[in-house]
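Let me begin by presenting the structure, written as structure tokens, before commenting on it.
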Amino acid sequence: MSDFKKGVLRVVKLVPYGKVISYGQVALYVGIPRAARQVGWTLNQLKEGEKVPWWRVVNNFGRISIKGSNFSAAQQRDLLIKEGVEVSEDLTFEIDKYRFMPDKNLIKELGLDQNYLEMISKHIRYSKYFR
């Protein structure tokens, strides 16, 4: 298994019940900020029964956008609703209400370089905990 895939699975497993994270956020926390699509591809390769809460990963606009996967948008919606996320029939929701924001200790545990964190915190609106 590649380091990238290990990183993706590790980050997704950190997302708590009732919270969501965007594909781009996962990529940032893995240390490769422009790898949102690769995060999606990694999650699409999961096998049935793997203990990874894939349904908590959504697009950055607050929409379920799962495609070409073993899982469906309806499954993802149902799983998020069971966790208390209010998802509309059109698969949208208020992402900022449910967005997972790791605290400074978790950011440190992820082992991200301080220079990297300073660089991305200037450009990413949901990076307030990076500073």
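Taken together, the values in this text are just the output of simple stated rules run on the coordinates, not laboratory data. Note that the structure is predicted; figures quoted are calculated from it, not measured. Cβ sites come from the backbone with ideal geometry, for glycine too, and all protein chains shown count toward neighbours.
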- Which numbered condition Trp41 fails, given (1) surrounded by fewer than 20 Cβ atoms within 10 Å (Cβ to Cβ); (2) under 18 Å from Lys5 (Cα atoms); (3) among the aromatic types (Phe, Trp, Tyr); (4) in contact with a helix residue (DSSP H, G or I) (Cβ under 9 Å, 6 or more places away or on another chain): (4)
- Message: It is to be established whether one or more residues within the stretch 2-20 are in a loop (DSSP other than H, G, I, E, B), over 13 Å from the mean Cα position of the chain (by Cα), charged (D, E, K, R) and loosely packed, with under 12 Cβ neighbours inside 10 Å.
- Response: no
- Task: Find all pairs meeting these conditions: Cβ atoms under 8 angstrom apart; at least six residues apart or on different chains; first residue within the stretch 51-74 and more than 23 Å from Met101 (Cβ to Cβ); second residue part of a loop (DSSP other than H, G, I, E, B) and β-branched (Val, Ile, Thr).
- Result: Ser72/Ile66; Ala73/Ile64; Ala73/Ile66
- Say whether the condition of being closer than 30 Å to Gln114 by Cβ, charged (D, E, K, R) and touching a residue at least 40 places away in the same chain (Cβ under 8 Å) is met by at least one residue in the stretch 15-32. yes
